[in-house]
Amino acid sequence: MRIKKSLTISAIAMAAALTLGACAGTPEETAPPVEDVSFDAGTTMAKLNEAGKITIGTKFTQPLFGQVDADGNPQGFDVEIGKLIAAKLGIPADGITWTETVSANREPFIEAGEVDLVIATYTINDERKEKIAFAGPYYSAGQDILVLAGNPKGIEGPEDLEGLAVCTVTGSTSEANIKEYTDNIIAATDYADCLEPLRSGTVDAVTTDNVILAGLADQNAPEFEVVNAPFTEEPYGIGLAKDDTDFRDFINDVLEESYEDGSWAAAWEATAGKVLDTPTPPAVDRY
C-alpha cells in the first residue's frame, strides 16, 4: 500500500477525510436497497430482510474506516461496506443500527448475538476463527509504527523498539504481534487514546495497521508521521456467527459483486480514498 499524500497533510485534506461524504440527519443512502429480493426461509438473510433492519458493530473513533460525525452517524470505509451488505438484503441505510465495537469486545458481541455483523478493521486469524466466522477479506493492511513528526527516536522498523515504550490496543492483533519486539507495552482501549502518551513522551511509538495510523496522522497533522515500514499482513474480514455458513457465503458473494461492479472502489474513494490510493481488493477466502 502506498500513501497517496504525505502523512502530514494539510488541514484542508484533514477536513475532507473527517467529513467522509457525511450529510446531516439520517444516514446517507449511498447504497440503495435492492427491491423484491427473496431468500430461503429460515436463513439469516430472510430474517433480516423480513425485519427490515440489521445491527452492525463498527468502530466509532477510527478515522477513515469508522468514526462518528458531528451528528453521531458513523462514517468510513467499514461503514460503507456495511451499507453495501445491508442494501443487498433489501435494508436501507436507516435500517442499520450501528453498535460501537472496540478490539476487545468484537468476538463477545458476535457470540452473544448483540450484533449481526462486525466490520471494524477486524483482522482474520485462526484464533478468532475458533469463536466466530469471517467473510472476506475485503481489505488487506499491514502493521506499522506511528512516531512524532521528525521521528526523533530514529525508529525505522519494529527491531528498533526494543527497550522503548509502545502503545497499542488491548485485545488487538497488533498487541500480540508487537510482543515479539518489546515487552514494554502500554495497552489502551482505543488507538486514539495512545496519542496523548506519544505527545507527552510517556510512550515512544504507537503501533497498529498502517491505514489506521495514516488516519490518525491525517486527523492530527502535522504532529505525527508513519514510519512506513509494514511488517505484517492484516486481512480485514467481516465477523459473524461461527456456524452461519449460508450468511457467510452470501456476504462473500456481495463482496465479489462489489469488486466487479465498482461499488467497492466507490466506497473506498469516498472515505479512505481521501488520503490513500485505491488498492486492488483482495481475493475472498471461502474457507
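A few remarks follow.
- Every residue from segment 71-85 that is within 18 Å of Ala270 (Cα to Cα) and not acidic (Asp, Glu): Asn73, Pro74, Gln75, Gly76, Phe77, Val79, Ile81, Gly82, Lys83, Leu84, Ile85
- When residues in segment 137-154 are screened for being of a type in the set (Gly, Ala, Ser), touching a residue at least 60 places away in the same chain (Cβ under 8 Å) and over 18 Å from Leu276 (Cα atoms), 2 of them pass.
- Single residue of Phe250, Phe231 found to be under 20 Å from the mean Cα position of the chain (by Cα) and of a type in the set (A, V, I, L, M, F, W, C): Phe231
- Checking Gly72, Gly42, Gly82, Gly52 one by one, the residue that is out of contact with any helix residue (DSSP H, G or I) (no Cβ under 7 Å at 6 or more places or on another chain), modelled with pLDDT of 95 or more and surrounded by fewer than 24 Cβ atoms within 10 Å (Cβ to Cβ) is Gly42 and no other.
- Any pair with Cβ under 7 angstrom, 6 or more apart, that starts in segment 167-184 at a residue that is touching a residue at least 60 places away in the same chain (Cβ under 8 Å) and hydroxyl-bearing (Ser, Thr, Tyr) and ends at one that is assigned to a loop (DSSP other than H, G, I, E, B) and surrounded by fewer than 20 Cβ atoms within 10 Å (Cβ to Cβ): Thr170/Thr189; Thr173/Asn125
- Of all residues in segment 55-69, those being of a type in the set (Val, Ile, Thr) and surrounded by 21 or more Cβ atoms within 10 Å (Cβ to Cβ) number 2.
- Test: Gly113 is closer than 16 Å to Leu240 by Cα, surrounded by 18 or more Cβ atoms within 10 Å (Cβ to Cβ) and not hydroxyl-bearing (Ser, Thr, Tyr): no
- Residues that are out of contact with any helix residue (DSSP H, G or I) (no Cβ under 9 Å at 6 or more places or on another chain) and more than 16 Å from Ile119 (Cα to Cα) within segment 250-279 comprise Glu256, Glu260, Asp261, Gly262, Glu269, Asp277, listed in sequence order.
- Residue list for segment 158-195, restricted to those being more than 17 Å from Asn210 (Cα to Cα) and aromatic (Phe, Trp, Tyr): Tyr181
- Looking at segment 187-287, the strands (runs of 3 or more DSSP E) lying wholly inside it that each contain 1 or more residues that are at negative phi and surrounded by fewer than 24 Cβ atoms within 10 Å (Cβ to Cβ) sit at 224-226, 234-241.
- The combined condition, being over 21 Å from the mean Cα position of the chain (by Cα) and at pLDDT below 95, is fulfilled by Ala24.
- Within segment 129-160, tally of residues that are surrounded by fewer than 19 Cβ atoms within 10 Å (Cβ to Cβ) and over 23 Å from Val227 (Cβ atoms): 3
The values are calculated or read from the model by the stated rules, or taken from the named source; none is laboratory data. All of these numbers come straight from a predicted model, not from anything done at the bench. Methodologically, a virtual Cβ is constructed for each residue, glycine included, from the backbone with ideal geometry; neighbour enumeration extends over all protein chains shown.
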